[in-house]
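Structure first, then comments.
The values are calculated or read from the model by the stated rules, or taken from the named source; none is laboratory data. Fair warning: this is a prediction, and the values are worked out from it, not measured in the lab. Cβ coordinates were reconstructed from backbone atoms using ideal geometry, including for glycine residues, and neighbour counts include every protein chain displayed. Only protein heavy atoms, including side chains, enter the accessible area calculation; ligands, DNA and RNA are left aside. Shrake-Rupley method; radii C 1.70, N 1.55, O 1.52, S 1.80 Å.
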Amino acid sequence: GDMEVHLTPAQNEFVQSAIQSGRYRSAEEVVREALAGWEERERLRRDLLAGIGRAESDLESGQYQDYDHDSSGVLKAELNSEGRLLLAARRAAARAR
């Protein structure tokens, strides 16, 4: 639905500058992109909080693995593998939007 938003003078100037630069065609387009960025940050925040909650539960229930100097290479490989999978999933999700 329609919504009226009041910006501070500095925010309005920022929006107008973005439009004048040719990057955006309208204030609505600027706001839509700003909201999309906010939505993405909120999704990441929720995912992070959920992950922290799972980690805390795992710690409390004793479901974790200790790593020492000798096994730190295994941890590094596991984290790199997980990171690559997450990055690929995020890139695929971004392309789907």
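If only residues of the stretch 22-36 that are more than 24 Å from the chain's Cα centre (by Cα) and open to solvent by less than 90 Å² (accessible area, probe 1.4 Å) are counted, the one that is farthest from G1 (Cα to Cα) is G22. Of G1, G53, all but one fail to be modelled with pLDDT of 95 or more and either small (G, A, S) or touching a His at 6+ places or on another chain (Cβ under 6 Å) (or both); the exception is G53. Only a single item in (1) exposed (fewer than 10 other Cβ atoms within 10 Å of the Cβ); (2) at pLDDT 95 or above is not met by Q65, and it is number (2). From the list L44, L48, which residue is open to solvent by 70 Å² or more (accessible area, probe 1.4 Å) and of a type in the set (A, V, I, L, M, F, W, C)? Matching residue, one of L44, L48: L48.
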